[in-house]
1. Would you say Y230 is touching a residue at least 60 places away in the same chain (Cβ under 8 Å) and either under 19 Å from D47 (Cα atoms) or surrounded by fewer than 23 Cβ atoms within 10 Å (Cβ to Cβ) (or both)?
2. Answer yes or no as to whether M57 is over 16 Å from the mean Cα position of the chain (by Cα) and open to solvent by 60 Å² or more (accessible area, probe 1.4 Å).
3. Looking only at region 122-135, decide whether some residue is among the basic types (K, R), modelled with pLDDT under 90, over 13 Å from the mean Cα position of the chain (by Cα) and open to solvent by 40 Å² or more (accessible area, probe 1.4 Å).
4. Can you name the strands (runs of 3 or more DSSP E) wholly within region 1-112 that have at least 1 residues being among the hydroxyl-bearing types (S, T, Y) and modelled with pLDDT of 95 or more?
5. Given the conditions (1) of a type outside the set (D, E, K, R); (2) closer than 17 Å to T221 by Cβ; (3) touching a Cys at 6+ places or on another chain (Cβ under 6 Å), and given that H87 satisfies all but one, which numbered condition is not satisfied?
6. Filter region 1-29 for residues that are within 26 Å of R112 (Cβ to Cβ) and of a type in the set (K, R); which is surrounded by the most Cβ atoms within 10 Å (Cβ to Cβ)?
Amino acid sequence: MTKKIYFASDFHLGSPNHQQSRLREDRIIRWLTFIEPTCSELFLMGDVFDFWFEYKMVIPKGYARLQGKLATMSDAGIKIYFFKGNHDMWVNDYFTTELGMQIVSDDFQMERNGKQFYLHHGDGLGPGDHKYKFLRKIFRNPVCQWLFSLVPPRIGIGIANAWSDNSRTKKAHAFTVPEDEWLFTHATEVLQKKHYDYFIFGHRHLPLDLKVGENSRYVNTGEWMNYSSYAVFDGNELALKYFEKEY
């Protein structure tokens, strides 16, 4: 590989208010500009937006600078993947049509330079969280999405934004041991069926790099409200890094 693959998630643009979201959007664009010369593929691993719902003729306003930057990168030949998160699972075809991005609904497996990758936003995986797993089935149901689309955007987006604010993880619970991490548990279960060198998730809101099994790693890309963390694969190794921050 002569170029690198980048992974990031949980920008939560739109939260908690327009001013702070704009500052975060500007920082993300600076990061995209920083990685662009060396980037061959970009994986946006979910919850890019704190809320997103596509009506047939209406999308949430804002984020024009980010969309413009992603369009420029896509036009330059950089392959961009957009994972549906638990806050922006209602993505349809807008980003594919306008920005050329590939939408990923659930898990995504790939091989790059002899390494096997297992990718997922992370919501609904592993043990526990049964209430959300039930709600996820409802929210992802095409009939339920169609019924919601009948609600006028002014009302529907207002309701959804209120729900999104209440459901957001305000602060990631502290890391204790790997066995208490649901996504770590999911990775160990997947490894029993097939080997992957890297498991990459978002959703957790905490940057993590943990050994799984004998020769695998679980990497969580963290989030951009506090950490501005991301992962990068250079063809040989996967590394967890931070933009404009030191830890």
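1. Details: touching a residue at least 60 places away in the same chain (Cβ under 8 Å): yes; either under 19 Å from D47 (Cα atoms) or surrounded by fewer than 23 Cβ atoms within 10 Å (Cβ to Cβ) (or both): yes.
In short, yes.
2. Details: over 16 Å from the mean Cα position of the chain (by Cα): yes; open to solvent by 60 Å² or more (accessible area, probe 1.4 Å): yes.
It is true that M57 is over 16 Å from the mean Cα position of the chain (by Cα) and open to solvent by 60 Å² or more (accessible area, probe 1.4 Å).
3. Step one: of region 122-135, the residues among the basic types (K, R) are 131, 133.
Restricting the remaining residues to those that are modelled with pLDDT under 90 gives 131, 133.
Filter again for over 13 Å from the mean Cα position of the chain (by Cα), leaving 131, 133.
Of the ones still in play, those that are also open to solvent by 40 Å² or more (accessible area, probe 1.4 Å) are 131, 133.
Yes, there is a match, as at least one residue in region 122-135 is among the basic types (K, R), modelled with pLDDT under 90, over 13 Å from the mean Cα position of the chain (by Cα) and open to solvent by 40 Å² or more (accessible area, probe 1.4 Å).
4. Values: elements: 4-8, 39-44, 79-83, 102-104, 108-112.
Output list reads 4-8, 39-44, 79-83.
5. Only one criterion in (1) of a type outside the set (D, E, K, R); (2) closer than 17 Å to T221 by Cβ; (3) touching a Cys at 6+ places or on another chain (Cβ under 6 Å) is unmet by H87, namely (3).
6. Pass one, region 1-29, residues within 26 Å of R112 (Cβ to Cβ): 1-11, 28-29.
Still in the list and also of a type in the set (K, R): 3-4.
On the way: K3: 14, K4: 17.
Checking each candidate, the answer is K4.
The values are calculated or read from the model by the stated rules, or taken from the named source; none is laboratory data. Computed from a predicted model, the values in this text were never measured in an experiment. Heads up, the Cβs are rebuilt from the backbone with ideal geometry, glycines too, and the neighbour counts pull from every protein chain shown. Side chains included, ligands, DNA and RNA excluded: accessible areas come from the protein's heavy atoms. Shrake-Rupley method; radii C 1.70, N 1.55, O 1.52, S 1.80 Å.
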